[in-house]
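Below is one structure, written out as structure tokens; the observations come after it.
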Amino acid sequence: MVAVDDVNFTVRRGEIVGLLGPNGAGKSTTLRILTGFLPATSGVVRICGIPVASRTDDAKRHIGYMPENNPLPEDMRVNEYLYYRGRLKEIGRERLRTRLDAVLELCDLKRIRHRIIGKLSKGMRQRVGIAEAILGEPDVIIMDEPTIGLDPHQILIVRDLIGSLRGRMSVIISSHILPEIEVTCDRVLIINGGRIVAQGTPAELRREVLGRTHYHVHLAGDLAALPTVLAQVESTLVIASASGPDASGFHHATLTTTRDEELGEPLLRALMARSYRIRSFSRTEPTLEDVFLAATKRSWDVVDLPGARVPIAQRPRPGPPT
Amino acid sequence: MRHFFTILNHEIRMLLVNTSTYLAAVVFLFVMGFIFTFLLEVYSEAAQETSPAYDFFRLFLGFAVFIIVPLTTMKSFSEERRSGTLETLLTTPVSTTEVVLGKYSAAYLVYLLLWGSTAGLFYLLHHFAADPRLLDRGTLIGGYVYIAVSGLLFVAIGVFASALARNQAVALVVALALLFLLIFGTKLSLGTQFMQLAALRPVRDALDYAQVFQHLDDFSRGIIDTRHLFFYFTGTALTLILTVLGLEAKLLHN
């Protein structure tokens, strides 16, 4: 079975990249290959220029990794665990002591440093996991679903924590929770069926995948004359849908355009000039959710095309991520 | 090998802070004490040809090994794999070999510690019944050396079983089966009619060489035979290599 196929991406220094995909899309497998925990059947992964497959140990020194569900030993204390992990990450005893304090401070774990991990709440455990990942000051931090199963308040804390790493370390996080990725990440990779189906900043993705901007107007007036008014404002602006007049003669109309820049002001001005009565006017931002659904749907459409089902062995496979 | 001592340190600490280790130690010492008392009863009733230490060590092979080896080893990998911490462990710059050796050494040290504590039984006997006939020094030293040497292989087998199974219970059964094959299987298979075939003579010789009870007899007579040492050392090395390979194969096909 092929879990990840022909995935190719680059993460810049200090950037936070989100890996987004439905369950079983290959997110965890991709991350495991990045960490050197799983070998890829073909392709090259480079962490800070070090090929992971041939120099695994060197590459691992540059990575802080928090796996899915954040497994921690139940019967250790927080500071004992972090100390042990620090030693495994080859941090000298002296430096480890200062690092430990810094990390406990950053993740707000000072109060619970002597508690046993098995008795911590999920949010605290998650913070211990993140503390562990950043302990060795790695260049790359990889986190598999860091906010899964947390309450909104804890999500906020974890999100701030990840945000605070921006600029210092490259962070790759995976999630299927969209607002999560949208808020924290500089760049998003949408992955489905083991392939990258879209990538870019959230704004780029909206443009690329959906390709249009929507305006919502609640107005009364001559609907038949509206298209000509719109065409004068912007040639690609059309009515996508319009409801019939309600009791007071107002219509709900959705206008779309392929142009990305703000058309609100000229549009409003033109409508007012033609004495349309307007109750509300808004530009609706497509959410990342729409983008995600559109992108994954598009990728399934490609897969389902007749003739697109090339046997895996014959498919060219340039290889997983760089 | 720079991580070996970090892992060893951690593993020993984990075994020592764990209540179940102490529980196992108490139960183990209770059972051994019970057996020892029973042996002394037998000796006090009628004269025997061998010293009590000799019988004690025979019981070690036939019985106690099956309790103590799974107890000290079944958790080592199964637990880590079940909880997923093996993944975090192997994404640090440690090699599988270091992990296996660290865990193995920790289990072996605890194994030695538990066995060492049974020396207290002989001390009590010496203290309350200062009868030189009961305490044959050669048998005692040879017996404990044998326990230390054979423990290398037995603990390795336990760690191997633990690396194969995600479930501790399965690890326990696998370890028991392998130990049984090694300790009794060699003897039983030598007794079968099938093994008397002339063509199987090399197999018969090999099995004869692996007679664990025979090794114990030699050791407790004070004979430390390098062939026996060779058997246990190579067996241990082979089992540990298989453990490393098995663990890596398991990761590949996860």
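The values are calculated or read from the model by the stated rules, or taken from the named source; none is laboratory data. Since the model is a prediction, treat every value here as computed from it, not as a measurement. Counting neighbours? That spans all protein chains shown, and the Cβs are built from the backbone with ideal geometry, glycine included.
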Looking at the range A:63-91, which of the residues that are more than 8 Å from every other protein chain (Cβ to nearest Cβ), out of contact with any Gly (no Cβ under 9 Å at 6 or more places or on another chain) and under 18 Å from B:Pro93 (Cα atoms) is surrounded by the most Cβ atoms within 10 Å (Cβ to Cβ)?
A:Leu82
Of all strands (runs of 3 or more DSSP E) fully inside the range A:157-249, the set with 2 or more residues that are within 17 Å of the chain's Cα centre (by Cα) and of a type outside the set (D, E, K, R) is A:170-175, A:187-192, A:195-200
Residue list for the range A:265-290, filter: loosely packed, with under 14 Cβ neighbours inside 10 Å and within 26 Å of the chain's Cα centre (by Cα):
A:Arg283, A:Thr284, A:Glu285, A:Glu289
Within the range A:231-264, the residues that are closer than 16 Å to A:Ser282 by Cβ, surrounded by 15 or more Cβ atoms within 10 Å (Cβ to Cβ) and of a type in the set (A, V, I, L, M, F, W, C) are A:Leu237, A:Ile239, A:Ala242, A:Phe250, A:Ala253, A:Leu255, A:Leu263
Check A:Leu205 against each of (1) farther than 16 Å from A:Glu289 by Cβ; (2) surrounded by 22 or more Cβ atoms within 10 Å (Cβ to Cβ); (3) among the hydrophobic types (A, V, I, L, M, F, W, C); (4) at pLDDT below 85 and name the one condition it does not meet.
(1)
For the range A:91-99, state whether one or more residues are within 28 Å of A:Ser175 (Cβ to Cβ), at pLDDT 90 or above and assigned by TED's automatic domain parsing to the domain that holds A:Arg166.
yes
Exactly one of these conditions fails for A:Ala53: (1) at pLDDT 85 or above; (2) more than 10 Å from chain B (Cβ to nearest Cβ). Give me its number.
(1)
Search result, residues across the range A:208-225 that are under 16 Å from A:Leu178 (Cβ atoms) and either at pLDDT 75 or above or charged (D, E, K, R) (or both)
none
Given the range A:39-132, what helices (runs of 4 or more DSSP H) lie entirely inside it while holding 2 or more residues that are in contact (Cβ under 8 Å) with a residue 12 or more places away in the chain and more than 25 Å from the chain's Cα centre (by Cα)?
A:78-88, A:93-106
Would you confirm whether any residue within the range A:35-49 is small (Gly, Ala, Ser), surrounded by 19 or more Cβ atoms within 10 Å (Cβ to Cβ), out of contact with any Lys or Arg (no Cβ under 9 Å at 6 or more places or on another chain) and on the phi < 0 side of the Ramachandran plot?
yes
Leading residue by the ranking (nearest to B:Leu140 (Cα to Cα)) among those in the range B:11-69 that are surrounded by fewer than 18 Cβ atoms within 10 Å (Cβ to Cβ) and among the hydroxyl-bearing types (Ser, Thr, Tyr):
B:Thr50
Return yes or no: is B:Asp217 part of a helix (DSSP H, G or I), among the acidic types (Asp, Glu), closer than 26 Å to B:Ser51 by Cβ and free of Cβ contacts under 8 Å to residues at least 40 places away in the same chain?
yes
Filter the range A:245-258 for residues that are at pLDDT 80 or above and either among the small types (Gly, Ala, Ser) or farther than 14 Å from A:Ala270 by Cβ (or both) and give the result.
A:Pro245, A:Asp246, A:Ala247, A:Ser248, A:Gly249, A:Phe250, A:His251, A:His252, A:Ala253, A:Thr254, A:Thr256
Against the condition more than 14 Å from chain B (Cβ to nearest Cβ), in a helix (DSSP H, G or I) and closer than 22 Å to A:Leu161 by Cβ, how does A:Leu34 come out, does it pass?
no
Tell me, yes or no, whether the range B:12-21 has at least one residue that is modelled with pLDDT of 85 or more, part of a loop (DSSP other than H, G, I, E, B) and either under 21 Å from the mean Cα position of the chain (by Cα) or away from chain A (no Cβ under 14 Å) (or both).
no
Of the candidates B:Gly102, B:Gly120, the one satisfying the condition of being modelled with pLDDT of 85 or more and within 19 Å of B:Phe36 (Cα to Cα) is B:Gly120
Result of the Cβ filter at 7 Å on the range A:14-31, keeping first residues that are of a type in the set (Gly, Ala, Ser) and partners that are in a loop (DSSP other than H, G, I, E, B) and surrounded by 24 or more Cβ atoms within 10 Å (Cβ to Cβ), at least 6 apart or interchain, is A:Gly18/A:Cys185; A:Gly26/A:Val4
By residue number, the members of the range B:215-254 that are polar (S, T, N, Q) and surrounded by 17 or more Cβ atoms within 10 Å (Cβ to Cβ) are B:Ser220, B:Thr236, B:Thr239, B:Thr243
Among the residues of the range B:36-53, is there at least one that is over 22 Å from B:Phe184 (Cβ atoms), within 14 Å of chain A (Cβ to nearest Cβ) and of a type in the set (D, E, K, R)?
no
Within the range A:143-154, how many residues turn out to be among the hydrophobic types (A, V, I, L, M, F, W, C) and in contact with a Pro (Cβ under 9 Å, 6 or more places away or on another chain)?
1
Checked the range B:75-85 for anything hydroxyl-bearing (Ser, Thr, Tyr) and more than 9 Å from chain A (Cβ to nearest Cβ); matches are B:Ser76, B:Ser78
